[in-house]
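Student: To start, I am sharing the structure in question, which I have written as structure tokens.
The values are calculated or read from the model by the stated rules, or taken from the named source; none is laboratory data. Please read these numbers as outputs of a predicted model, since none were measured by experiment. Cβ placement follows ideal geometry from the backbone for every residue including glycine, while neighbour counts extend to all protein chains displayed.
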Amino acid sequence: MLPDLWSSLPNDAQDAGVLAMLLLPGVLIAVWNLHGIAPGALTRSMLRRYLPVNLVFTGLVTLSVALGVGLIAQERGLRQGSARAADRFDLIVTAPGSEVTAMLTAVYLQPNDMPLLGGAQYAEIAQAEGVDFAAPLAFGDSWQGHPVVGTTAEFITHLAGGNMTGRMFAAHEEAVVGALVPLGIGDAAVPGHGMADLADAEEAAHNHHDLRYRVTGKLPATGSPWDRAILVPVETVWELHGLANGHTAETAQQIGGPFAPEAFPGTPAILVKPEQLFQAYALRTQFSRGDMMAFFPGAVLSRLHGLAGDVRQAMSLLTLVSQILVAVAILAGLILITRLFARNLAVLRALGAAPRFLLAVIWSYAATLLTLGTVLGLGLGIGAAAVLSRILTARTSIHISAAPGWAELHLAAAFLSLSLICALLPGLLAMLRPPLTDLRG
Amino acid sequence: MAALPLALRNVTVTAASGRGLLNIPDYTLPAGQSLAILGPSGAGKSTLLHVLSGLRRVSTGSVHWGATDLATLTETRLSAFRRRHIGQIFQDFLLFDEMSALENAAVARQFAPGPERAEILRRAVQSLTSLGLDPQETRRATTYSGGERQRIAVARALAQGPDVLLADEPTASLDRTSAERLTDDLLAAAQRTGLSLICVTHDPALATRLDRTLRLAHGAPEMSHAA
Ligand SMILES: Nc1ncnc2c1ncn2[C@@H]1O[C@H](COP(=O)(O)OP(=O)(O)OP(=O)(O)O)[C@@H](O)[C@H]1O
Ligand SMILES: [Mg+2]
């Protein structure tokens, strides 16, 4: 009955519920400790007396919470970002080899030497039942560090999801650019051979092809490295490298498929879009064989993430251990500080404060530091993950956003509740101490 | 104010080592009277004050304040009894350094039940004023002179509206002038509120101005005078 009700709730409601449950122990302790008692002035007195120590404690809590929160946010951002980048890539067919390498090449545009699939293989795939389109790829050129990728209009339209500004290339020397390429419609780009980075810009200059692409269209941001790419007709890239252009003499000026198998120079990867989603599995089975392999980038990614999951767990464990160590250190520190305050506490008892009042004073002192540290840590962790995500996004062109999620809130809440429970200890110790011992100074 | 008479019966206090610290067969102090406790160092004067405030439990015998037998109270009820009936002043003041004079004087507000808090604040303001201190001043307690600090401590004790004021060598840290002023203040407060004032003191000037004297030696009364 109850489990049914729980699982019928929306995800956010469940997460909010978990958060509330994690916070509950802390809140209950606060209520139990403070109801009918107003230790504010004494708590402030403790906070002021050992201000530098208090700042150090708060800083430690902040750092340890920030570390945990940042790791969780960053890891999720990476996972989601890399998955989103692969979203538009349904099925990839390549020559047998490493799926990871193939995926890095085709989806993330990492330069790799890949064996090629030939014209007959391409034709077989392109004509297979259930294939909407099969796009060849051609790499090798770049413009100011932006890869020039030869492919077909069908795949670019699919990648754009119908939101392209301008129009698709219609001639050999036209290009469509990704959202992050600093070229506007109408601009021209002269491609150089290879991936020229700044260091060999000079050399790259001597390596220019005798051609300029005119930009006719711009893609919307996809959050993938394709946003940095200049997309041109695959035929042009082949021709520039002295290869057949995929078409026979009669159709020499054609752009896009079908390609003539005898004039097909080969492709490192074929991006396949099935007509229906369910057909993807049949196609994968069909093309997983001796002379080629077919895979879903999403599946490869989740396998990688599964591997990374072990690392993640180890990291979570380390974070947890570091948080526990920090908590223990702080607890020991609080006990010491409480002892420094012992004379004042004994005076309170002599003046008629109940033992429980000492518990309330010390607990609320500790709770102030811990809560402040946790809140700051949450902010710092999320902030650090956001900064790191920007850097990673700039480096990889994979859009990584470390937006705050429930897991971080859960971690922070669990840490806070647990530490608020532990914070009872110094209070209990002070409460049980006979006041006379400390009154005689 | 319902002033409390004191009655000690066969009180002994024995240290954990087995050494006897206090042995008072029989002693009574009528409500509203003042008493000086005298005796050489180590005689048990402070120990007696702790017994009177309930900070130290007796080994045998009983301590009655009015109808209340301290031995029957739990720690929590003993605390409440001290809060309502017993004000205390210590030799070295024991104020909260970070707090202002008024915050110190009204510190009992922090642990008193809600309904008593306003009254504590009112009495703290009134006591500070009548002791010549400005309740509005916000500077920390550490910035006051010794004599002023002891007067803040007196205001703190009076703010609780006690029936009994216990003071352990209240003038010992003060110079002659401050000591005399404090003695005047204590006696005036006792007069005004009708409380019993019990002072441990080495100061003959203070002792002679109190109603009675109890002289301790080796934990036992030597003899008592009525002034
Ligand atoms: N917990 C204890 N265990 C053993 N001996 C104790 C304990 N507490 C006090 N004493 C001893 O009891 C004696 C009386 O102590 P107390 O503090 O009452 O003396 P006092 O009369 O106030 O002296 P002074 O004038 O120096 O303050 C001292 O000899 C002290 O060492
Ligand atoms: Mg003494």
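So that you can scan it fast, the table gives a plain yes or no per residue for (1) under 21 Å from B:A189 (Cβ atoms); (2) within 12 Å of chain A (Cβ to nearest Cβ); (3) in a helix (DSSP H, G or I); (4) of a type in the set (S, T, Y):
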| residue | (1), (2), (3), (4) |
| --- | --- |
| B:G42 | no, no, no, no |
| B:L49 | yes, yes, yes, no |
| B:R57 | no, yes, no, no |
| B:R82 | yes, yes, yes, no |
| B:G87 | yes, yes, no, no |
| B:D92 | yes, yes, no, no |
| B:D97 | no, yes, no, no |
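Student: Sticking with this structure for a sec: In the stretch B:92-128, how many residues are in contact with a Gly (Cβ under 9 Å, 6 or more places away or on another chain) and either crowded, with 19+ Cβ neighbours inside 10 Å or under 24 Å from A:R343 (Cα atoms) (or both)?
Tutor: 10
Student: While we're looking at this one, here's another question. If you take the residues of the stretch B:175-216 that are free of Cβ contacts under 8 Å to residues at least 60 places away in the same chain and within 16 Å of ligand 1 (Cβ to nearest atom), which of them is farthest from the other protein chains (Cβ to nearest Cβ)?
Tutor: This residue is B:P204.
Student: In the stretch A:246-269, which residues are assigned to a helix (DSSP H, G or I) and under 21 Å from A:V131 (Cα atoms)? Working first, answer last.
Tutor: In the first step, residues of the stretch A:246-269 are kept if they are assigned to a helix (DSSP H, G or I); the result is A:249-251, A:261-263.
Residue satisfying the conditions is A:P261 alone.
Student: Can you work out which of the residues in the stretch B:62-80 that are facing another protein chain (nearest Cβ under 8 Å) and polar (S, T, N, Q) is farthest from A:G352 (Cα to Cα)? Write out each step before concluding.
Tutor: So the first thing to find is which residues in the stretch B:62-80 are facing another protein chain (nearest Cβ under 8 Å), and the list is B:75-76, B:79-80.
Narrowing the set further to residues that are polar (S, T, N, Q) leaves B:76, B:79.
Details: B:T76: 9, B:S79: 4 Å.
Restricting to residues being facing another protein chain (nearest Cβ under 8 Å) and polar (S, T, N, Q), the top hit is B:T76.
Student: What's the number of the only condition in (1) more than 25 Å from the chain's Cα centre (by Cα); (2) of a type in the set (D, E, K, R); (3) buried (at least 20 other Cβ atoms within 10 Å of the Cβ) that A:E75 fails to meet?
Tutor: Here A:E75 meets the rest and fails (1).
Student: Of the residues A:L351, A:L425, which single one is of a type in the set (A, V, I, L, M) and within 14 Å of another protein chain (Cβ to nearest Cβ)? Spell out the reasoning first.
Tutor: On the way: A:L425 fails: within 14 Å of another protein chain (Cβ to nearest Cβ).
Criteria check complete, one pass: A:L351.
Student: Which ones in the stretch A:224-245 are of a type outside the set (F, W, Y) and part of a helix (DSSP H, G or I)?
Tutor: Residues of the stretch A:224-245 that are of a type outside the set (F, W, Y), as a first pass: A:224-225, A:227-237, A:239-245.
Across the stretch A:224-245, the qualifying residues are A:P225, A:D227, A:R228, A:V234, A:E235, A:T236, A:V237, A:E239, A:L240.
Student: Follow-up. Residues that are at pLDDT 90 or above, at least 3 per element: which strands (runs of 3 or more DSSP E) completely within the stretch B:133-227 meet that? Before you say what the answer is, go through the steps one by one.
Tutor: On the way: elements: B:164-168, B:196-200, B:212-217, B:220-226.
Here the list reads B:164-168, B:196-200, B:212-217.
Student: I'd like to verify a number: residues in the stretch B:30-61 that are near ligand 1 (Cβ under 8 Å from one of its atoms), under 18 Å from B:G18 (Cβ atoms) and either of a type in the set (K, R) or touching a Gly at 6+ places or on another chain (Cβ under 6 Å) (or both), how many?
Tutor: 1
Student: Can you tell me which residues in the stretch B:23-40 are away from ligand 2 (no atom under 11 Å from the Cβ) and either under 19 Å from the mean Cα position of the chain (by Cα) or part of a helix (DSSP H, G or I) (or both)?
Tutor: Of the stretch B:23-40, the ones away from ligand 2 (no atom under 11 Å from the Cβ) are B:23-36, B:38.
Scanning the stretch B:23-40 gives B:Y27, B:T28, B:L29, B:P30, B:A31, B:G32, B:Q33, B:S34, B:L35, B:A36, B:L38.
Student: Right, something else. For the stretch A:83-108, which residues satisfy the criterion of being of a type in the set (S, T, Y) and in contact with a helix residue (DSSP H, G or I) (Cβ under 6 Å, 6 or more places away or on another chain)?
Tutor: Within the stretch A:83-108, the subset of a type in the set (S, T, Y) is A:94, A:98, A:101, A:105, A:108.
Residues satisfying the conditions are A:T94, A:Y108.
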